[in-house]
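What follows is a short report on a single structure.
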Amino acid sequence: MNVNRLRLNSAKTEYIIFASKGQRKKCSFNGIKINDAHIEEKICIKYLGVLLDNELSFRQHINEKCKTAMYTLFRIRQLRCHLDRKSVEQLVHSLVISQLDYCCTILYGLPKTVTCNLQRVQNFAAKIILHKKKFDSASSCLRELHWLPIESRILFRLLCMSFKCVHGLAPKYLLDMFTKLDCNYSLRSGGQYKIPRTNRKTLGDRSFSVAGPREWNNLPLDIRSCRTFPTFQSKLKTHLFRLAFK
């Protein structure tokens, strides 16, 4: 802070400890004091529009996102009879879908019981656009709009970032997470990357350093072989769409 000529405002400073309930019980921590001021501990903080809870469950983040999205969708539905489909679709994309996609890669690996509310929001949005009733099939609506379900959208974003890492288009700290497998022969596994071992399946396997290379290695060779980002996006979306609605 001295290098950047900044001064700490202890009255506005907070801290959070990321750990499971079991880990926190083992930790004997008496808090933080700076300049005789007690720094307040938080169980949830907002960082770049994302709510980070101390267990990284993202339940509060998803709940807030769903609450905002549903309010917006109800308002759009009230105007639905006065708008054509194209206008409604533009509204839904700009006000709702863009929010569902924002930083969605952090939700990779979460249980479906946690992300199901996001799927309900997307289903509701699709039905509003197509003027469908409450109990009409949500899957057919998503298929008609050519929308990937939430779980597939998260994977799509993760793999797009992986492509940038593979081709040197990402920041260095992300590039360092991808280490190519050494292979002296031309095999189908060519172009695959090392998957680090983790001790904690809940959080370790969700990290980008593990999930990125693993999901990249699982892609068909023709998709991994794409040289341009638009081509990769197109083939990847088609691939994930077929898997989601097979």
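FRET efficiency for residue 203 and residue 137, Cβ-Cβ distance as r, R0 = 22 Å, nearest 0.05?
Working: r = 36 Å, r/R0 = 1.62.
Plugging the Cβ-Cβ distance into 1/(1 + (r/R0)^6) gives 0.05.
Where the centre of each part is set by its Cα atoms, how far does the range 191-246 sit from the range 158-173, in angstrom?
Taking the Cα centre of each part, the range 191-246 and the range 158-173 sit 11 Å apart.
With each pseudo-label sitting 7 Å past Cα toward Cβ, what's the residue 5-residue 18 distance in nm, one decimal?
So the two model labels end up 3.3 nm from each other.
So how do 105-114, 144-153, 120-129 stack up, highest first, on mean other-Cβ count within 10 Å? Please report the intermediate quantities before stating the final value.
On the way: 105-114: 15.7, 144-153: 18.2, 120-129: 21.6.
Ranked from most to least packed, the peptides come out as 120-129, 144-153, 105-114.
At 222 nm, what helix-only mean residue ellipticity would the chain give, in deg cm²/dmol to the nearest 500, using -39500 (n - 2.57) for each DSSP H run of four or more?
It lands at -14000 deg cm²/dmol.
Nearest 0.05, what FRET efficiency do residue 75 and residue 160 give at R0 = 35 Å with Cβ-Cβ as r?
That pair, residue 75 with residue 160, gives E of 0.70.
Zone of residue 173 (label point 7 Å along Cα→Cβ, backbone N under 15 Å): which residues in the range 195-209?
Residues 208-209 fall inside that zone.
Residue by residue through the range 144-152, which ³J(HN,Hα) values in whole Hz follow from phi under the Karplus form 6.51 cos²θ - 1.76 cosθ + 1.60 (θ = phi - 60°), with glycine and proline marked x?
So the J values, rounded to whole Hz, are 5, 7, 6, 9, 6, x, 3, 4, 6.
Work out the length of the dipole vector of the range 25-119 about its Cα centre, built from +1 on the beta-carbon of each Lys and Arg and -1 on the beta-carbon of each Asp and Glu, and round it to the nearest 20 debye.
Details: 14 positive and 9 negative charges, 70 e Å.
Result for the range 25-119 is approximately 340 debye, rounded to the nearest 20.
Rounded if a/c is under 1.5, else prolate if a/b is larger than b/c, else oblate: which is the range 1-89, with a ≥ b ≥ c the root eigenvalues of its Cα gyration tensor?
Details: a/c = 4.14, a/b = 2.11, b/c = 1.97.
Cα axes put the range 1-89 in the prolate bin.
So what is Rg over Rh here for the range 114-205, counting just Cα atoms and using Kirkwood for Rh?
1.15
Ordered by residue, what ³J(HN,Hα) values in Hz, to whole numbers, does the range 230-237 give under the Karplus form 6.51 cos²θ - 1.76 cosθ + 1.60, where θ = phi - 60° and Gly and Pro are x?
These are the phi-based 3J(HN,Hα) values: x, 5, 4, 4, 5, 5, 5, 5 Hz.
Which of the listed residues, 148, 158, 178, is farthest toward the dipole's positive end in the range 119-246, when Lys, Arg count +1 and Asp, Glu count -1 at the beta-carbon?
Farthest towards the positive pole: 148.
Any chance you could run the full-extension gain for residue 214 through residue 85? It's 0.36 nm times the residue separation minus the Cα-Cα distance, nm to one decimal.
Taking residue 214 through residue 85 to full extension adds about 42.5 nm, to one decimal.
Which of rounded, prolate or oblate describes the chain when judged by the alpha-carbon gyration tensor and an a/c cut-off of 1.5? Numbers along the way, then the final one.
Values: a/c = 2.04, a/b = 1.15, b/c = 1.78.
Oblate, since a/c reaches 1.5 and b/c is not below a/b.
If each residue of separation counts as 0.36 nm, what is the full-extension length gain between residue 63 and residue 38 once their alpha-carbon separation is subtracted?
Working: separation 25, 0.36 × 25 = 9.00 nm, distance 3.06 nm.
This chain segment gains 5.9 nm when fully extended.
Please list, ordered by chain and number, the residues whose modelled amide H lies under 5 Å from the amide H of residue 193; skip anything fewer than 5 residues away on the same chain.
181, 217
Can you return the lysines within cross-link range of residue 67? Criterion is Cα-Cα under 24 Å, with same-chain partners fewer than 8 residues away left out.
Within reach: 42, 46, 112, 127, 132, 133, 134.
Any read-out appearing in this document is the output of simple, stated calculations on the displayed coordinates, not a laboratory observation. Model, not experiment: these values are computed from the prediction. Here Cβ is always computed from backbone atoms with ideal geometry, including for glycine, and neighbour counts include all displayed protein chains.
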